[in-house]
Structures are given as C-alpha cells and as structure tokens.
C-alpha cells in the first residue's frame, strides 16, 4: 500500500476527485466505495489498495482540500489589495464552489461531525481554525487601517464571518441561487466596513 506521505498516484487522485465531489454534494455518509467504483469503472479492491478504509479516504480528502484552500489564501494575501478586497476575494472562493453545485467540503463534513472518526474530526476543526486565523489577521489589518470597524477581538469577528458564509451557502443551495449567497455575503462584509459621517461607508481602496 502506498505510504500516506507519498504523492498520490494518478488513480488515487481520480479517487479523491470523485470522493470530493460526492462529499460536497451528498455528505460523507451519503456515498460508499461502490459509488466511487461505479463512477471510475474500477474494482472496490483497487479502491481499498489506495485507501484501505473510508476513514483514511476522508482524512486524505480533508488534508488535500485544506492544502488547496490555504494556497488560495496565500495568493490573496500576496496580492496587492486592500483588506476589504481580500475579504471579498475570500467570499468569492465559497461562491465559486457553489457555482459548481457543491458545498464547502469541510462544511458538509461538519454536518456529519458526530459520526466522523476522531482523526477526521480533528482535521475538520483544523481547517476552520486555519481559516479563522487567516481572517483574523486580515480583519486586524483592516482595523489598523481604519477600513473596518468592529468591537472585540478580531478572532471573534473571524468566527462569525466563517459561520455566516457557511450558513449562507446552505441557504443559497436550497434555493439554487448563487446570487442569494453573494447578496448575503456582501451584507456580512459590509457590516464590518468602517462608517464615516452620517453613517455613510468610509472610502476604501477598492
């Protein structure tokens, strides 16, 4: 069996791709190895060779998803843009997933949290911790620049923002309207933009 630390083979990548789609559309408890086998036209024995158990497959899915997500956050962080722009680009990641008729992988796994193995639970928490940490840094940067106004720790605001976006995805999915998500996301972001006199939004470098 391939080492968990080794790069995935072409077949393992195909398995992960299909499994990711299934989790994002049906949830972790909503598919089986038989579904992946049928989608790829390979035997279940081949699936078990690459991922001995479904729990091992799930853990690999989360780690890959988090790595890809953090790479996107790294690109946003490296871009020459204002804190408000960074937050809008962050929200756009969620919108792009929704456009594919999918949900955030870890958001879907959170719905199945009670039934997940401990290693998967820890990895789901790690994903949200990493997102909240990144957002808290952007929010604090914006508050120092007077682009944002909010009370209390930036970490609290970051948690609220993640919860708002994940929840907005769920509601928008039930309507099949990405525009509904974008509207809710924009309202969530506008709520932390600093206000000038007469309650008008302060000018930011957008």
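The values are calculated or read from the model by the stated rules, or taken from the named source; none is laboratory data. Note that the coordinates shown come from a computational prediction; the quantities given were computed from them, not determined experimentally. Virtual Cβ from ideal backbone geometry, glycine too; neighbours counted across all protein chains shown.
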Using the structure shown, decide if residue 74 is modelled with pLDDT of 95 or more, surrounded by fewer than 20 Cβ atoms within 10 Å (Cβ to Cβ) and either in a helix (DSSP H, G or I) or in contact with a strand residue (DSSP E or B) (Cβ under 6 Å, 6 or more places away or on another chain) (or both).
-> yes
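Each row is one residue, and each column tells you yes or no for (1) loosely packed, with under 15 Cβ neighbours inside 10 Å; (2) at pLDDT below 95; (3) touching a strand residue (DSSP E or B) at 6+ places or on another chain (Cβ under 8 Å); (4) assigned to a helix (DSSP H, G or I).
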{"site": "2", "(1), (2), (3), (4)": "yes, yes, no, no"}
{"site": "13", "(1), (2), (3), (4)": "yes, no, no, yes"}
{"site": "22", "(1), (2), (3), (4)": "no, no, no, yes"}
{"site": "39", "(1), (2), (3), (4)": "no, no, no, yes"}
{"site": "52", "(1), (2), (3), (4)": "yes, no, no, no"}
Any idea which residue in region 104-155 is nearest to residue 189 (Cα to Cα), counting only those that are within 18 Å of the chain's Cα centre (by Cα) and without any contact (Cβ under 8 Å) to a residue 12 or more places away in the chain?
-> 129
Listed residues 154, 185, 198; which is modelled with pLDDT of 95 or more and more than 23 Å from residue 99 (Cα to Cα)?
-> 154
